[in-house]
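Everything below concerns the one structure shown next.
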Amino acid sequence: MCARLGGKASIVILAMLMATATRAAELPRSGQPIFDRVIELVNANFYDGRALERFNAAVRTEIDQGAAARSETGTHPSIDAAIASVLASLRVSHTGRFKADTIDYFELADIFRFAIRDDMRRLFPPDGAARYPGIGMVTTVENGHRFVSDVYDGSAAKKAGLLVGDEILAVDGLAYREIGSFHDKVGQTVDIRLRRHRDGAPLSLRVPVERLRPLPMFERAIEESIALIETGGRKIGYVRLWTLSTRDGLDRVAEALASGRLRDAEGLVVDLRGRWGGGPADAAEFLVGGTPTFRLVPRRGEATLANFRWQRPVVALIDEGTRSGLELFAYTLRQNAIPLIGERTAGALLAGRAYVLPDDSLLELAVSDAIIADDLRLEGIGIEPDRAVPFPLAYAAGKDPQREAAIAEMVRMLESGKGRQSAPQREPATTR
């Protein structure tokens with residue numbers, strides 16, 4: 001709809017446009033296109049305007065020190081470090097730069113595929129689907145040594161026998177690189193040299209390299225994690241929610257509980273030690289909601305599970321990998337008197353989105369605050385477990401003391417006759 005504006009309205013709009021242009025012109029600039037694009041995006045989209053003064057001061061410091069002075073399109077370690085430094089000054093989660101030599105880059109590209117849809121076909125030809133060569137494991141560095149921190153259920157790494165806690169020494173005789181170690185090797189096998197025990201001799205495993213699509217891989221990992229564990233005369237269900245961002249992951253869990261592999265489970269251990277969050281705010285409803293389970297039954301064909309509610313006991317696993325939507329999931333369980341076992345969650349509950357930078361790296365940026373109820377924020381705080389159980393990663397040899405503790409807690413609950421409790425009205429753990 002168009003309308004003729006009066007003189008005063010035109011002056012106001014013109015003043016607003018001039019002010020916007022002036023602010024853009026006043027932004028500190030280095031002449032380096034990647035660094036300067038980060039500055040623009042943060043100033044235009046970061047959720048907390050109060051942090052911009054601190055951010056721009058950090059930017060000016062980097063420029064004055066010459067760390068971001070290069071003007072070429074390509075990156076340089078000093079530019080990478082300068083970008084990391086100014087983003088760190090914001091002091092929040094969901095904010096960082098990711099390059100195409102990391103697994104995080106491809107997983108986040110798939111999670112944020114709608115936000116960067118205009119670039120997906122160019123970044124991932126020919127069909128715009130994020131893919132990378134890999135074996136389905138994630139590593140982390142502790143004290144100068146690289147250890148396996150996650151092995152995705154159903155992955156080639158899992159099938160080949162790689163275990164959480166294994167120290168990765170080499171891949172095909174060279175230092176491990178997240179993407180580079182598997183480049184141009186899809187359909188081939190690689191030799192993974194590892195150490196399983198602190199003073200043990202090195203081992204070698206041959207592992208097939210696959211072309212992985214992150215969200216379908218996570219969906220498969222969720223389904224493959226499902227297990228019915230018989231211990232102490234009890235049947236305990238287990239599932240790991242690697243992320244809430246998949247299309248059908250939660251539906252597959254519901255089907256397993258309603259009529260599949262977990263239908264005979266007396267209790268459920270739900271593992272929230274995930275990689276990424278995402279998902280709807282009510283994702284935990286199938287475990288704690290009050291509406292009944294029901295199916296739609298047509299005249300012909302199979303019945304459809306339209307709504308599912310688990311009514312038996314639940315124990316949840318959390319740690320520093322429980323973040324974003326999974327953190328909200330954990331909070332919902334706590335509010336419904338479901339025990340949380342493990343370690344404090346990440347304290348990373350904001351809303352982020354992705355932007356493609358001039359070198360095709362990704363900028364993840366927190367664009368919205370996240371507030372529970374009236375004034376509860378988990379960002380920077382996290383959720384403490386009801387029972388703290390540490391998990392020493394190095395040379396764990398596949399042992400998982402947190403999972404063992406959760407299963408033992410479920411057996412104890414069942415033996416004591418402790419079923420689903422009504423949710424008490426708890427005071428928020430922390431507000432700010």
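The values are calculated or read from the model by the stated rules, or taken from the named source; none is laboratory data. Since the structure is predicted, the reported quantities are computational estimates derived from the model, not experimental observations. Here Cβ is always computed from backbone atoms with ideal geometry, including for glycine, and neighbour counts include all displayed protein chains. For accessibility, only protein heavy atoms count, side chains too; no ligands or nucleic acids. Shrake-Rupley method; radii C 1.70, N 1.55, O 1.52, S 1.80 Å.
Here's the picture: a label point sits 7 Å out from the Cα of residue 50 along the beta-carbon direction, and within region 362-395 nothing has its amide nitrogen under 11 Å of it.
Sort 145-153, 185-193 by the packing proxy (mean of other Cβ within 10 Å over each peptide's residues), most packed first.
Values: 145-153: 19.8, 185-193: 16.1.
Ranking, from highest mean packing down: 145-153, 185-193.
Can you give me the C-alpha center-to-center distance between region 90-149 and region 40-64, rounded to a whole angstrom? So the separation of the two Cα centres works out to 24 Å.
The residues of the chain have, on average, 49 Å² of accessible surface per residue, using a 1.4 Å probe with all protein chains present. For residue 61 and residue 404, a Förster radius of 51 Å and the Cβ-Cβ distance give a FRET efficiency of 0.60, rounded to the nearest 0.05.
Which FRET efficiency value, to the nearest 0.05, is calculated for residue 40 and residue 183 with the Förster distance at 45 angstrom and r the Cβ-Cβ distance?
Values: r = 32 Å, r/R0 = 0.72.
Using R0 = 45 Å, I get an efficiency of 0.90.
Share of carbon and sulfur in the accessible area of region 167-235 stands at 45%, probe radius 1.4 Å. Note on region 224-306: Rg/Rh from C-alpha atoms, Kirkwood Rh, equals 0.99. For residue 212, the amide hydrogen comes within under 5 Å of the amide hydrogens of 132, 134, counting only partners 5 or more places away or on other chains and with H modelled in the peptide plane. Averaging Cα coordinates gives a centre for region 293-352 and one for region 385-415; these two points are 19 Å apart. Under 5 Å between amide hydrogens, built in the peptide plane, is the criterion, and for residue 352 it picks out 367 among residues at least 5 positions away or on other chains. Placing dummy labels 7 Å off each Cα toward the beta-carbon, the span from residue 229 to residue 388 is 2.3 nm.
Between residue 146 and residue 282, what FRET efficiency follows from the Cβ-Cβ distance if R0 is 41 Å, with the result rounded to 0.05?
0.60
Under 5 Å between amide hydrogens, built in the peptide plane, is the criterion, and for residue 262 it picks out 257 among residues at least 5 positions away or on other chains. Residue ranges 221-233, 312-324 sort as 312-324, 221-233 when ordered by packing (mean number of other C-beta atoms within 10 Å per residue, highest first). At the residue level, residue 353 shows approximately 80 square angstrom of accessible surface with a 1.4 angstrom probe and all protein chains present. When the P(r) of region 301-394 is calculated, the portion above 23 Å amounts to 44% of the C-alpha pairs.
Taking a point 7 Å out from the Cα of residue 175 in the direction of its Cβ, the residues of region 93-120 whose backbone N falls within less than 17 Å of it are 101-103.
For region 263-274, putting each phi into the Karplus relation 6.51 cos²θ - 1.76 cosθ + 1.60 with θ = phi - 60° gives couplings of 5, 9, 5, 7, x, 10, 9, 9, 9, 9, 7, x Hz, in residue order, rounded to whole numbers and with x for Gly and Pro.
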